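Single-structure report; data block below.
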């Protein structure tokens, strides 16, 4: 089984944006972790009075105009309201004339997108373990769980590349760049999200609520189990256009035809989550979490997420030798 290399804390590569970056933010960039439409995320460390602090993830977004919304600073402020082990803590944020930035915990491990690319479909129990942890984070940020965030939030971009898994098997949810506060539903007026995972209301720019995240979660759960995306198209405009035709709304094949009878209990859950109508989706992340835990008790074979990671790491090391 192929297994991608984990993101390492140390690197011989030193990247420096420019002198102003060094003077203003005081960070030395050691590795490029990801590039998005608006900016980049680096592994970095900050040196103060000759002492090197622990590595962090530094998100830097260059400003395109004087009127551009300082979204990274809003993202940092939103994340400061969280106190959950699966969400990176923000250490500091700031701005220069050219860019906004903030530093947060660096999550080492594997990106779910990379795992799916090289190991699809995932073992059923592994997929359910990931789904349970991810759903628990959604329960928290939506304000439905026993612990409450500073402000209930809709993530709006649940997809494989925004899910990290560390070597201990802890799932982390990252990138709250287009998230918004949950105040009895929110009208964005514009389309936000990633085409293959967006809920219908995201595509049309209509009312968003916690059930929007549950739709995205359902598409992700399907992909982990089936080994392929639920929605696909030749290009993004065509994909979005096709997805808005409710009469052509795809119906997921029954899981037992894909993964065997034991995955059958997930059929109704996935179908509910990806319903075109929000009224037909689960009531909350809490209800989805209960169903997932019940399903896990029925799966008696296969490795847990943590065991699978350890086995895969060991196998990769043997192949390297």
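Taking 16 Å as the cut-off, the amide N atoms of the stretch 208-223 that come nearer than this to a point 7 Å along the Cα-to-beta-carbon line of residue 286 belong to 210-211. Cβ crowding within 10 Å ranks 217, 176 as 176, 217, fewest other Cβ atoms first.
Model label sites at residue 297 and residue 74, defined 7 Å from Cα along the beta-carbon direction, differ in position by 4.3 nm.
With q set to 0.27 Å⁻¹, the log10 of I(q)/I(0) for the stretch 138-177, from the Debye formula over equal scatterers at the Cα positions, is -0.97. Estimated from the Cβ-Cβ distance and a Förster radius of 30 angstrom, the FRET efficiency linking residue 83 and residue 207 is about 0.60.
Dimensions of the stretch 108-218 from C-alpha coordinates, computed as largest minus smallest value along each principal axis and given longest first, are 37, 32, 23 Å. Each label point was placed 7 Å from the Cα along the Cα-to-Cβ direction; for residue 62 and residue 35 their separation is 1.1 nm.
Give me 301, 229, 290 ranked fewest to most by other Cβ atoms within 10 Å of their Cβ, as a rough exposure proxy.
Working: 301 8, 229 17, 290 13.
Ascending number of Cβ neighbours within 10 Å: 301, 290, 229.
Read-outs throughout are calculated quantities, based only on the coordinates presented, and are distinct from any laboratory measurement. Because the structure is predicted, anything quoted here is derived from the model rather than measured. Don't worry about glycine lacking a Cβ; one is built from the backbone with ideal geometry, like all the others, and counts go over all protein chains shown.
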